[in-house]
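These notes are about the structure you will find just below.
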Amino acid sequence: MKITVIPNGPLLIETVGEWNYTGTGGPTKKNDRIAFCRCGASGVKPFCDGTHRTIGFTAGGGECHLTPRE
Ligand code: FES
């Protein structure tokens, strides 16, 4: 699993294979990648709907890889 903090954007989760993502009040999404809102302005929280672009959200980015413990 890879987690990427998109600069000025969402938290992107990338998995191996498709997963179901169900959010509070948001739609259920089935995908191998999903973006979670960091700006607080999405209309489909906890998912990102691209609103961060229109409100001028700014924040740093980063990346994290998760692997199972052996
Ligand atoms: S980060 Fe995209 S809508 Fe909030």
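Here is a list of conditions, (1) touching a strand residue (DSSP E or B) at 6+ places or on another chain (Cβ under 6 Å); (2) loosely packed, with under 15 Cβ neighbours inside 10 Å, and W19 meets all of them except one; can you say which number that is?
Failed condition: (1).
Can you pull out the residues in the stretch 52-63 that are surrounded by 10 or more Cβ atoms within 10 Å (Cβ to Cβ) and of a type outside the set (S, T, N, Q)?
H52, R53, I55, F57, A59, G61, G62, E63
Among the strands (runs of 3 or more DSSP E) contained in the chain, which hold 2 or more residues that are within 12 Å of the ligand (Cβ to nearest atom)?
Counting at least 2 such residues, we get 11-22, 28-36.
Does D49 count as surrounded by 10 or more Cβ atoms within 10 Å (Cβ to Cβ) and out of contact with any strand residue (DSSP E or B) (no Cβ under 6 Å at 6 or more places or on another chain)?
Yes; evaluated as a whole, the condition is true for this residue.
In the stretch 20-65, how many residues are at pLDDT below 85 and more than 11 Å from the chain's Cα centre (by Cα)?
Looking only at that region, the number is 11.
When you look at C64, is it touching a Cys at 6+ places or on another chain (Cβ under 9 Å) and among the hydrophobic types (A, V, I, L, M, F, W, C), yes or no?
In short, no.
The values are calculated or read from the model by the stated rules, or taken from the named source; none is laboratory data. Just so it is clear, the structure is predicted and the values come from calculations on it, not from any experiment. Heads up, the Cβs are rebuilt from the backbone with ideal geometry, glycines too, and the neighbour counts pull from every protein chain shown.
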